[in-house]
1. Any residue in segment 164-176 that is more than 11 Å from the ligand (Cβ to nearest atom) sitting within a Cβ distance under 7 Å of a residue that is polar (S, T, N, Q) and assigned to a helix (DSSP H, G or I)? List the pairs, counting only those 6 or more apart or interchain.
2. Right, Ala157: more than 25 Å from Leu198 (Cβ to Cβ), touching a residue at least 24 places away in the same chain (Cβ under 8 Å) and surrounded by fewer than 17 Cβ atoms within 10 Å (Cβ to Cβ) or not?
3. Of all residues in segment 46-73, which are surrounded by 13 or more Cβ atoms within 10 Å (Cβ to Cβ) and among the aliphatic types (A, V, I, L, M)?
4. Only one residue in Val90, Val42, Val108, Val84 is within 16 Å of the chain's Cα centre (by Cα), among the aliphatic types (A, V, I, L, M) and within 27 Å of Glu148 (Cβ to Cβ). Which one?
5. Condition first: within 10 Å of the ligand (Cβ to nearest atom), of a type in the set (A, V, I, L, M, F, W, C) and either over 12 Å from the mean Cα position of the chain (by Cα) or outside any helix (DSSP H, G or I) (or both). Now tell me which residues in segment 111-128 satisfy that.
6. Which one of Ala39, Ala17, Ala75 is of a type outside the set (Asp, Glu), touching a helix residue (DSSP H, G or I) at 6+ places or on another chain (Cβ under 6 Å) and within 16 Å of the ligand (Cβ to nearest atom)?
7. Might you check whether a residue that is buried (at least 21 other Cβ atoms within 10 Å of the Cβ) and within 21 Å of Gln60 (Cα to Cα) occurs anywhere in segment 119-136?
Amino acid sequence: MIIAIDGPAAAGKGTLAKRLAAALGLPYLDTGILYRATAKRVLEAGSDPADVSAALRAVQGLGEADLRRGDLRDAATSKAASQVASIAEVRQALLHFQRHFGGRNGAVLDGRDIGTIIFPHADVKLFVTASVEARAARRHKEFQDRGESVTLDDVIADVQARDEADRTRAAAPLMMAMDATLIDTTEMDADEAFAQALRLVQAKTR
Ligand code: DC
């Protein structure tokens, strides 16, 4: 079984995908990590994340250890991840890994293009979103919990900029698949989102 979970940044996809995977006994892949790890390699090589050949070198050298790093969520890496994610050649290089991951035993994958490009025939497709304000408030709390000081206004601006970049890029832009089910988590906590998603999965796979 393949469960595709797409949506904008900080909508609660990751939390939901992890819980679904655990409940259903499926492997879980956070595909954003692939772009973040590629971006980190570009930055550490001293290259420009918008440079196609530098990004291609980085993605071709990607290994397991790069994906396990604990420092992929800082602001510079997030920005660079969005840049490398807009490069069609980078996306192409990561396509096989994602399909192979899901193809072995099934999986829950979260990202931006799982239900549209990576697994267009996924058994279940969810599009998880929330208002910009709700998503920014959650991200802001994460920063505070990690002891990083940023203003809510800065986080709102960052979330809006990343939404815009993800939605308007030419290569695999963020969009809801025609046959996906929308889950709006603006007024929901993680338990409610999980309960709703699990009901949908059970209804679709009965
Ligand atoms: O979900 P995230 O914030 O970790 O994603 C990091 C960046 O990678 C973000 O700019 C969107 C991009 N991304 C993508 O283009 N396609 C995916 N399947 C996953 C992430």
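1. Partner pairs satisfying both residue conditions: Met175/Thr116.
2. Values: more than 25 Å from Leu198 (Cβ to Cβ): yes; touching a residue at least 24 places away in the same chain (Cβ under 8 Å): no; surrounded by fewer than 17 Cβ atoms within 10 Å (Cβ to Cβ): yes.
For Ala157, the condition - more than 25 Å from Leu198 (Cβ to Cβ), touching a residue at least 24 places away in the same chain (Cβ under 8 Å) and surrounded by fewer than 17 Cβ atoms within 10 Å (Cβ to Cβ) - is not met.
3. Ala50, Val52, Ala54, Ala55, Leu56, Ala58, Val59, Leu62, Leu67, Leu72
4. Matching residue, one of Val90, Val42, Val108, Val84: Val84.
5. Selection gives Ile117, Ile118.
6. Values: Ala17 fails: touching a helix residue (DSSP H, G or I) at 6+ places or on another chain (Cβ under 6 Å); Ala75 fails: touching a helix residue (DSSP H, G or I) at 6+ places or on another chain (Cβ under 6 Å).
The unique qualifying residue is Ala39.
7. No, there is no match, as no residue in segment 119-136 is buried (at least 21 other Cβ atoms within 10 Å of the Cβ) and within 21 Å of Gln60 (Cα to Cα).
Only the coordinates and a few stated rules stand behind these numbers; no lab work does. Everything numeric in this text was worked out from a predicted model, so none of it was measured. In this analysis, Cβ positions are derived from the backbone assuming ideal geometry, glycine residues included, and neighbour counts consider all displayed protein chains.
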